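The values are calculated or read from the model by the stated rules, or taken from the named source; none is laboratory data. Keep in mind the model is a prediction, meaning the values are calculated, not measured. Because the Cβ atoms are built from the backbone with ideal geometry, glycine has one as well, and the counts that use them run over all protein chains shown.
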Number of protein chains: 2
Amino acid sequence: MTNPAYQAAVAAFTRLYRYQHLAAIAGWDQAAMMPPGGNAARGAAMAELQLLMHGLLTAPALQQALQAAAQESLSDAERASLREMKRVWQSANLLPARLVEAKSLAGSRCEHAWREQRKAGDWQGFLSNFREVVQLAREEAQLLAEASGKSRYDALLDKYEPGMSSTELERIFGDVKGWLPGLIRQVMDKQAGETLVAAQGPFAVAQQRALGVEIMGLLGFDFDAGRLDVSVHPFCGGVAEDVRITTRYRDDDFMQSMMGIVHETGHARYEQRLPRELAHLPVGQARSMGIHESQSLSFEMQLGRSPAFLSLIAPMVKKHLGEQPAFDAANLARMYSRVRPGFIRVDADELTYPAHVILRFEIERALIEGEIEAEDIPALWDEKMQAYLGVDTRGNYRDGCLQDIHWTDGSFGYFPSYTLGAMYAAQYFAAIRRSVPDLDARIAAGDLAPVMDWLDANIWSQASRWETGELVQRATGEALNPAHFRAHLEARYL
Amino acid sequence: MTNPAYQAAVAAFTRLYRYQHLAAIAGWDQAAMMPPGGNAARGAAMAELQLLMHGLLTAPALQQALQAAAQESLSDAERASLREMKRVWQSANLLPARLVEAKSLAGSRCEHAWREQRKAGDWQGFLSNFREVVQLAREEAQLLAEASGKSRYDALLDKYEPGMSSTELERIFGDVKGWLPGLIRQVMDKQAGETLVAAQGPFAVAQQRALGVEIMGLLGFDFDAGRLDVSVHPFCGGVAEDVRITTRYRDDDFMQSMMGIVHETGHARYEQRLPRELAHLPVGQARSMGIHESQSLSFEMQLGRSPAFLSLIAPMVKKHLGEQPAFDAANLARMYSRVRPGFIRVDADELTYPAHVILRFEIERALIEGEIEAEDIPALWDEKMQAYLGVDTRGNYRDGCLQDIHWTDGSFGYFPSYTLGAMYAAQYFAAIRRSVPDLDARIAAGDLAPVMDWLDANIWSQASRWETGELVQRATGEALNPAHFRAHLEARYL
């Protein structure tokens with residue numbers, strides 16, 4: 001056999017991929033199907049599977065195979081594959097089992113208590129668990145930093161957005177902070193004079209679902225290899241060969257489920273179009289959280305909320321939800337571009353969303369680097385919400401620093417992915433528009449091929465062949481450039 | 001630690017139980033949820049999981065633990081648990097891996113081709129794959145027989161109905177053959193003079209489902225620990241803590257889905273009421289296929305098709321499916337007790353069903369013992385269908401010996417479980433009636449406690465604490481006695 005060490009690593013990762021399949025389906029089931037009584041047994045089964053996957057990744061034979069493979073005569077593609085296998089291997093091997101377990105326990109405890117503490121706005125109660133989560137995250141960051149030579153926060157960031165640094169984020173987000181608050185004010189002034197017709201509910205769930213399914217079809221979702229279901233928190237799960245997206249319905253609001261489905265369909269098409277022959281290897285899997293988000297936001301923000309796309313689907317909205325003035329294309333576009341600074345990140349519009357992310361990035365970076373302590377968060381939160389969005393959050397922990405699940409289990413470094421995704425998406429569409437100047441007219445006419453073909457060729461089919469920076473450079477001809485994001489926002493909102 | 005070897009075996013079986021959880025949920029998903037495009041990846045993941053479970057059961061350490069545990073000072077309950085662990089261990093360890101793999105491949109090939117061959121009635125084509133399936137099943141039977149001292153067929157039977165023998169089956173089925181054909185004729189003569197009002201469809205699927213859910217609730221199904229979904233072949237799957245039953249709906253027929261749900265709910269309640277603290281060990285799991293079927297048939301045949309139960313649910317049928325004369329209680333009872341000899345086992349009524357099973361038992365026993373060859377099956381089939389049911393199947397392979405999936409993958413020894421289940425159920429109800437003489441009146445009045453409490457105390461809570469013979473003896477005061485089955489049929493149909 002040529003390259004026996006490389007092949008041994010491939011065999012181990014193939015097994016890992018099959019275990020991950022079971023974890024993904026069981027996880028989807030837990031969120032979308034499982035009755036509450038099944039939770040304890042499911043938890044035990046999932047933990048056993050995690051143990052199994054950890055054992056596979058920490059077996060000495062795999063380390064030896066990965067080391068020996070580096071000496072074999074690999075093709076460029078195989079070398080990229082080896083690079084990605086090593087990345088996965090490192091994430092499982094750099095931390096001692098004791099720390100992994102302590103993190104998991106502290107995170108579960110903090111998250112579990114948070115569910116009630118958030119409702120009660122109980123910041124002091126939260127702090128009593130959260131301090132340990134922060135302490136363990138710092139320990140993790142320290143170990144990862146020592147191994148990689150990165151700063152502590154950057155070492156965590158690398159888990160979600162390999163290759164990104166806080167220096168780069170500070171440059172990019174610093175730029176955004178320079179123009180975003182002013183732009184928000186300008187847009188709010190402009191929109192104050194606009195008339196917006198509100199949609200009249202109720203909207204039957206079956207009709208909302210039928211509308212969502214039709215839009216998924218328009219967007220190319222492959223129903224032969226995926227499903228649409230319901231869960232409390234919408235997500236895209238399952239496996240590349242069988243992608244499971246979810247949404248949630250409210251009978252007094254169709255907007256959230258409709259655009260939520262567009263968003264998850266963006267994630268789904270990325271998964272469905274990853275190169276199938278490499279599905280079992282890290283190199284054939286999605287690049288990063290930021291790139292994944294760039295797909296959902298290409299669908300939701302660049303395409304979905306554009307007047308062209310909304311004019312294309314307005315007849316579908318009317319067909320499923322009934323004729324009413326709110327469903328005219330221009331009004332739909334106004335509804336989906338309404339800017340209103342608010343407390344809650346997940347409810348934020350496209351324009352104010354980055355402010356929520358930048359605030360969190362700045363706080364979590366300082367927290368992990370030891371510049372602030374957990375106790376300092378509320379004051380910083382209030383100050384930054386006032387500065388970036390003009391919103392007063394003092395004393396409102398529930399809708400302030402207690403609102404997100406991410407920190408409760410120690411997922412520091414995740415938040416930037418959201419806004420990086422939005423920026424990548426804007427950069428992709430700038431590239432598409434350069435080669436297809438009449439893009440909006442084609443979208444409005446139902447021709448989505450320029451978008452889908454570009455994403456397919458430049459992102460989906462590339463999977464993890466290139467590191468993120470190179471992927472974006474190859475796709476758009478330049479490194480991440482937030483000017484495209486700004487130009488997009490100004491074009492849409494001014 | 002007291003009894004360290006026993007505890008080591010328990011730890012291994014606890015892991016097995018968690019893996020089985022994943023297999024059960026992934027299997028349910030495959031049948032009830034998965035889009036077709038997910039099949040190849042699912043197959044690979046399930047095969048990997050099977051390999052893992054096989055590795056767990058064939059590890060030398062487990063064999064040593066089971067052997068050493070026999071020398072430890074175990075309680076009676078632990079000794080029963082050890083007995084059941086050994087049974088599972090043996091089933092995984094007696095066959096060489098080569099044979100397991102060859103059986104799996106030949107079975108898949110034969111079953112896959114059968115799907116088309118059955119439609120085409122292509123017996124010769126089927127034979128070309130089936131001969132190998134038979135050959136491998138005989139090899140398996142030979143190995144199991146050598147290890148157990150049983151006959152070859154009995155060694156296969158033991159996989160599904162531990163402790164049962166073909167001698168016993170011949171005695172029981174011989175008895176049935178003595179009176180069943182005459183009883184069928186008598187009942188058909190009687191029913192020829194009855195008027196039966198046919199139900200007028202269509203019956204909306206949503207209404208059929210709502211009816212099914214209400215009946216499940218009446219029967220005590222715990223929706224907090226289970227679900228009802230749809231699949232091509234109805235089944236009861238999932239895990240004891242989260243039982244997933246399925247049905248299928250036809251809009252021109254409500255009878256099948258309604259009684260199918262009653263049947264699967266019987267399986268489900270057995271699972272849901274198994275002793276939760278032993279769920280992770282074989283001793284806490286269902287006793288056998290025949291005992292499982294005795295639960296579904298207690299629900300479907302003893303309870304579900306009784307005039308008392310049908311009078312109880314007639315108002316629910318009318319509520320969900322609309323008022324019509326066919327839904328009067330007495331007419332429902334006539335509909336659900338209509339006897340018509342036919343070609344197809346799964347469509348057979350309660351009275352003719354045993355004839356289908358006895359025929360298959362006789363043929364498969366002779367086949368495994370080498371008294372006949374696969375080529376001899378059609379002639380035997382025709383002869384026995386004529387003798388037992390007065391039905392002419394000559395030349396009709398599709399609705400004759402090609403109709404079942406069981407033989408295609410080598411599941412010889414399974415068929416008797418169906419009729420054993422029917423007989424056990426009749427024997428349980430005879431016992432219940434002895435202590436509750438007004439059982440029918442109580443059922444008609446909506447009081448199902450006498451049935452549920454008896455099954456709970458005597459079967460569900462006992463799991464695999466006793467071997468089947470002792471379980472039945474303890475529950476009913478006697479060994480399996482087909483006289484109860486005959487008395488039940490005569491009481492209901494004459």
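Things to note:
- Filter result (within 23 Å of B:Arg486 (Cβ to Cβ) and not in a helix (DSSP H, G or I)) within region B:173-214: B:Glu194
- Residue list for region A:33-61, restricted to those being facing another protein chain (nearest Cβ under 9 Å), of a type in the set (Gly, Ala, Ser) and either closer than 15 Å to A:Val100 by Cα or touching an Asp or Glu at 6+ places or on another chain (Cβ under 9 Å) (or both): A:Gly37, A:Gly38, A:Ala40, A:Ala41, A:Ala47
- Residue count for region B:63-84 satisfying the condition of being farther than 16 Å from B:Ala12 by Cβ and in contact with a helix residue (DSSP H, G or I) (Cβ under 7 Å, 6 or more places away or on another chain): 2.
- Every condition in (1) over 26 Å from B:Glu168 (Cα atoms); (2) under 14 Å from the mean Cα position of the chain (by Cα) is met by B:Arg398 except one, and the failing one is (2).
- When A:Met85, A:Met33 are checked against the criterion of being of a type in the set (A, V, I, L, M, F, W, C), surrounded by 16 or more Cβ atoms within 10 Å (Cβ to Cβ) and in contact with a Phe, Trp or Tyr (Cβ under 8 Å, 6 or more places away or on another chain), a single residue qualifies: A:Met85.
- Region B:243-266 - residue that is touching a residue at least 40 places away in the same chain (Cβ under 8 Å) and in contact with a strand residue (DSSP E or B) (Cβ under 6 Å, 6 or more places away or on another chain) and, of those, nearest to the other protein chains (Cβ to nearest Cβ): B:Arg244
- Residue count, region A:111-123 (criterion: over 18 Å from A:Ala47 (Cβ atoms) and in contact with a helix residue (DSSP H, G or I) (Cβ under 6 Å, 6 or more places away or on another chain)): 3
- Leading residue by the ranking (nearest to the other protein chains (Cβ to nearest Cβ)) among those in region B:1-32 that are among the β-branched types (Val, Ile, Thr) and in a helix (DSSP H, G or I): B:Ile25
- Filter result for the condition that a residue is without any contact (Cβ under 8 Å) to a residue 24 or more places away in the chain, over 24 Å from B:Glu467 (Cα atoms) and within 27 Å of the chain's Cα centre (by Cα), over B:Gly43, B:Gly27, B:Gly107: B:Gly43
- Hits in region B:301-325 (condition: aliphatic (A, V, I, L, M), crowded, with 19+ Cβ neighbours inside 10 Å and farther than 28 Å from B:Gln386 by Cβ): B:Leu303, B:Leu310, B:Leu312, B:Ile313, B:Val317, B:Leu321
- Count of residues meeting criterion [among the acidic types (Asp, Glu) and in a loop (DSSP other than H, G, I, E, B)] in region B:338-350: 2
- Any hit, region B:207-222, residues being within 13 Å of another protein chain (Cβ to nearest Cβ), in contact (Cβ under 8 Å) with a residue 60 or more places away in the chain and either closer than 22 Å to B:Ser464 by Cα or not small (Gly, Ala, Ser) (or both): no
- Lone unmet requirement of (1) crowded, with 19+ Cβ neighbours inside 10 Å; (2) assigned by TED's automatic domain parsing to the domain that holds B:Gln462 for B:Glu271: (2)
- Strands (runs of 3 or more DSSP E) lying entirely in region B:220-271 (those with 2 or more residues that are under 23 Å from B:Met316 (Cβ atoms)): B:226-230, B:242-247
- Apart from one condition, A:Asp158 fits all of (1) more than 30 Å from A:Gly390 (Cα to Cα); (2) part of a loop (DSSP other than H, G, I, E, B); the exception is (2).
- Residue match in region B:268-280 (condition: more than 14 Å from every other protein chain (Cβ to nearest Cβ), among the acidic types (Asp, Glu) and without any contact (Cβ under 8 Å) to a residue 60 or more places away in the chain): no
- Some residue of region A:351-363 being over 26 Å from A:Gln302 (Cα atoms), within 25 Å of the chain's Cα centre (by Cα) and assigned to a helix (DSSP H, G or I): yes
- A:Ala80 vs. criteria small (Gly, Ala, Ser), away from chain B (no Cβ under 12 Å) and touching a residue at least 24 places away in the same chain (Cβ under 8 Å): yes
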